[in-house]
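Take a look at the structure set out below.
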Amino acid sequence: MDVPLWLALLVVGVLGVKLVRPPLWLIAVLLVGGYMLADSLLAPVIDSFLK
């Protein structure tokens, strides 16, 4: 079964928010921080750690 990555991330995110109940500001900081970090000079360094 092939599941698109966006769908798997959406399901994990929704379940995580429902089960853990983090504050909304923390969710916003993680989303904005991840978006900004992905477009920074550190992106290749982080990518090498993930592979």
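Summary table below
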item: Which labelled figure in [x] -0.44, -0.65; [y] -0.38, -0.73; [z] -0.34, -0.54 is log10 I(q)/I(0) by the Debye sum over Cα atoms at q = 0.12, 0.17 Å⁻¹, once derived from the coordinates; result: [y]
item: Carbon/sulfur fraction of accessible area - the chain, other protein chains in place, 1.4 Å, %; result: 77
item: Heavy-atom surface of the chain, accessible at 1.4 Å and reported per residue (Å²); result: 97
item: Hz values of 3J(HN,Hα) by residue in segment 30-39 - Karplus curve (6.51, -1.76, 1.60), Gly and Pro given as x; result: 5, 5, 5, x, x, 5, 5, 5, 5, 9
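The values are calculated or read from the model by the stated rules, or taken from the named source; none is laboratory data. Just so we're clear, the structure is a prediction, and the values are computed from it rather than from any experiment. Remember, those area values only see protein heavy atoms, side chains included, never the ligands or the DNA or RNA. Shrake-Rupley method; radii C 1.70, N 1.55, O 1.52, S 1.80 Å.
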